[in-house]
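Below is one structure, written out as structure tokens; the observations come after it.
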Amino acid sequence: MRIAVTGSTGLIGSALVRSLLADGHKVVRLVRHRSRTGPQPDGTTAIGWNPLLGQVDRDGLAGVEAVVHLAGAGVGDHRWTDAYKREIRESRVLGTETLAVALAGLKEPPRVLVSGSAVGLYGQTGDAVIDEASPAGDDFLAEVCVEWEAAARPAERAGIRVVHPRTGLVLSAEGGAGERLFPLFRLGLGGRLGDGRQYWSFISLADEVAALRFLIDRDDLSGAFNLSAPDPVTNAELTEALGRVLKRPTPFPVPTAVLKAVLGELAIEVVGSHRVVPKRLLEAGFRFEHPDVDSAVRAAL
């Protein structure tokens, strides 16, 4: 297939592009810098877009059969100032709206838009087990996720199958939280965050990519799908798994007060709890390569 990908240089996007190319698919990258458009050394093709200004190279999207939309400002990249919270929201909502409107206006629209979302949509849910039928929360990230998903409606109204993968914590040493945490644990400097009782709904990078491709291929699937392993763990359990796999002590817990002082409002997410399960994905027949935390950690390292 000819598949377009936004956010193609991020942790998930770059892994997805490698997987698609390895299986002979043609990949179109949407990039924001015009100087980087055209044929790429890896065999992909790059076309321009400006998500905040509503601009997309529609000619470059001609013939695309599927689109995977992963672009958005990193939630954990900076302190949550008002300006950065606005960037988090706009990069997702305006970017999705720009893409959905462009796809809806194509003479031959793609058959599917896989438009990213996150388990943060459910808000802070403690130890309650959450699936796709659970309601949205009311904190900042939950509100962003609700608007993010709603912004894809122009594509849905145009008859494009729309899927929202609500992704959990992707475990990988290549990027994301793992890129920061794993080196500390290798040095024996790791430990639980806060009281450690908060649930972290994780997924290995390999399973994330496999699930995205599963959702691309299955014409009978639409709507929200939680992309997280079947058995979410607490932060303390993840800490113990890292210690077991790396054979390192984990003696340095970080108190909640310190996290709040360093991270500001972002600390709410770090010590918040999401016990999310992938009910619809399992019902559809998807099988996880790394269903438990130890195998996911080993794959990440």
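A few notes on this one:
- Scanning the stretch 119-170 for residues that are more than 17 Å from the chain's Cα centre (by Cα) and assigned to a strand (DSSP E or B) returns V129, I130, R161.
- Being surrounded by 13 or more Cβ atoms within 10 Å (Cβ to Cβ) and in a loop (DSSP other than H, G, I, E, B) is a property that holds for G74.
- Output for the stretch 1-42, where each listed residue is crowded, with 20+ Cβ neighbours inside 10 Å, under 23 Å from D219 (Cβ atoms) and of a type in the set (S, T, Y): T6
- Among the residues here, G168 qualifies as closer than 20 Å to R92 by Cβ, touching a residue at least 40 places away in the same chain (Cβ under 8 Å), surrounded by 16 or more Cβ atoms within 10 Å (Cβ to Cβ) and of a type in the set (G, A, S).
- Looking across the stretch 171-193, the residues that are closer than 16 Å to H274 by Cβ and open to solvent by 20 Å² or more (accessible area, probe 1.4 Å) come down to G176, A177, L193.
- Qualifying residue in the stretch 207-217 (condition: part of a strand (DSSP E or B) and open to solvent by less than 20 Å² (accessible area, probe 1.4 Å)): no
- Search result, residues across the stretch 99-113 that are open to solvent by less than 20 Å² (accessible area, probe 1.4 Å) and either out of contact with any His (no Cβ under 7 Å at 6 or more places or on another chain) or not in a strand (DSSP E or B) (or both): L99, A100, A102, L103, P110, V112
- T250 meets the stated requirement of being polar (S, T, N, Q) and in a loop (DSSP other than H, G, I, E, B).
- Scanning the stretch 43-56 for residues that are part of a strand (DSSP E or B) and in contact with an Asp or Glu (Cβ under 7 Å, 6 or more places away or on another chain), we see that the one that is surrounded by the most Cβ atoms within 10 Å (Cβ to Cβ) is W49.
- Residue check for A257: among the aliphatic types (A, V, I, L, M), surrounded by fewer than 16 Cβ atoms within 10 Å (Cβ to Cβ), farther than 15 Å from R192 by Cα and free of Cβ contacts under 8 Å to residues at least 40 places away in the same chain: no
- Restricting G123, G137, G63 to residues that are crowded, with 16+ Cβ neighbours inside 10 Å and on the phi > 0 side of the Ramachandran plot narrows the list to G123.
- Taking the stretch 265-292 as the range and being among the β-branched types (V, I, T) and in a strand (DSSP E or B) as the test, only V276 passes.
- All told, L94 meets the bar of being under 18 Å from V162 (Cα atoms) and open to solvent by 20 Å² or more (accessible area, probe 1.4 Å).
The values are calculated or read from the model by the stated rules, or taken from the named source; none is laboratory data. This is a predicted model, so every value here is computed, not measured. Positions of Cβ are generated from backbone atoms using ideal geometry, with glycine treated the same way; all protein chains shown enter the neighbour counts. Quick note on the areas: whole protein, heavy atoms, side chains included, nothing else; ligands and nucleic acids left out. Shrake-Rupley method; radii C 1.70, N 1.55, O 1.52, S 1.80 Å.
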